[in-house]
Amino acid sequence: MVQPAAFVEIGEELAKEKGIKQGDKVRVRSNRGEVVAACVVTKRIKALDVNGKKVHHVGIPIHWGFKGVAQNGYLANALTPFVGDANSQTPEFKAFLLSLIHI
């Protein structure tokens, strides 16, 4: 099955806090860029407890569908910073700060 368009996946708790429902459009912003996509609300993503503070995370696919079949859109890398670990030379493409806005 081909995924027809980009999407953003969030947990039920974050969705409730932001007033977001399944299929709502959301804007995800970082210091580098932004992505607008439909939201998938799931039980699979739960808030983390980091030193007693609740931290939510957001899932964004890095690709979807095939050209000519799926809708055009921006990849998750539109949000990622061009920095990396100085020792391992691994780019920081998988974890970064962002804001999630219900449109």
Condition met for GLN3 (in contact with a helix residue (DSSP H, G or I) (Cβ under 9 Å, 6 or more places away or on another chain) and part of a loop (DSSP other than H, G, I, E, B)): no
Test: LYS46 is open to solvent by 50 Å² or more (accessible area, probe 1.4 Å), at pLDDT 75 or above and either within 13 Å of the chain's Cα centre (by Cα) or within 15 Å of SER99 (Cβ to Cβ) (or both): no
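Among the residues of region 4-23, is any modelled with pLDDT under 75, in contact with a Pro (Cβ under 8 Å, 6 or more places away or on another chain) and of a type in the set (A, V, I, L, M, F, W, C)?
Of region 4-23, the ones modelled with pLDDT under 75 are none.
No, because not a single residue in region 4-23 is modelled with pLDDT under 75, in contact with a Pro (Cβ under 8 Å, 6 or more places away or on another chain) and of a type in the set (A, V, I, L, M, F, W, C).
Rundown of residues vs (1) exposed (fewer than 10 other Cβ atoms within 10 Å of the Cβ); (2) at pLDDT below 75; (3) more than 17 Å from the chain's Cα centre (by Cα), yes/no style:
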{"residue": "GLY52", "(1), (2), (3)": "yes, no, yes"}
{"residue": "ILE62", "(1), (2), (3)": "no, yes, no"}
{"residue": "GLY68", "(1), (2), (3)": "yes, yes, yes"}
{"residue": "GLY73", "(1), (2), (3)": "no, yes, no"}
{"residue": "ALA86", "(1), (2), (3)": "yes, no, yes"}
{"residue": "LYS94", "(1), (2), (3)": "yes, yes, no"}
Filtered residues of region 24-43 (kept if loosely packed, with under 15 Cβ neighbours inside 10 Å, in contact with a strand residue (DSSP E or B) (Cβ under 7 Å, 6 or more places away or on another chain) and modelled with pLDDT under 90): GLU34
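Please return the ranges of strands (runs of 3 or more DSSP E) entirely within region 9-53 where 1 or more residues are touching a residue at least 40 places away in the same chain (Cβ under 8 Å). Lay out the reasoning, then the answer.
Working: elements: 25-29, 34-42, 48-50.
Filter on region 9-53 gives 25-29, 34-42.
The values are calculated or read from the model by the stated rules, or taken from the named source; none is laboratory data. Fair warning: this is a prediction, and the values are worked out from it, not measured in the lab. Backbone-built Cβ (ideal geometry, glycine too); neighbour counts: all protein chains shown. Areas reflect the complete protein model, heavy atoms only, side chains present, ligands, DNA and RNA absent. Shrake-Rupley method; radii C 1.70, N 1.55, O 1.52, S 1.80 Å.
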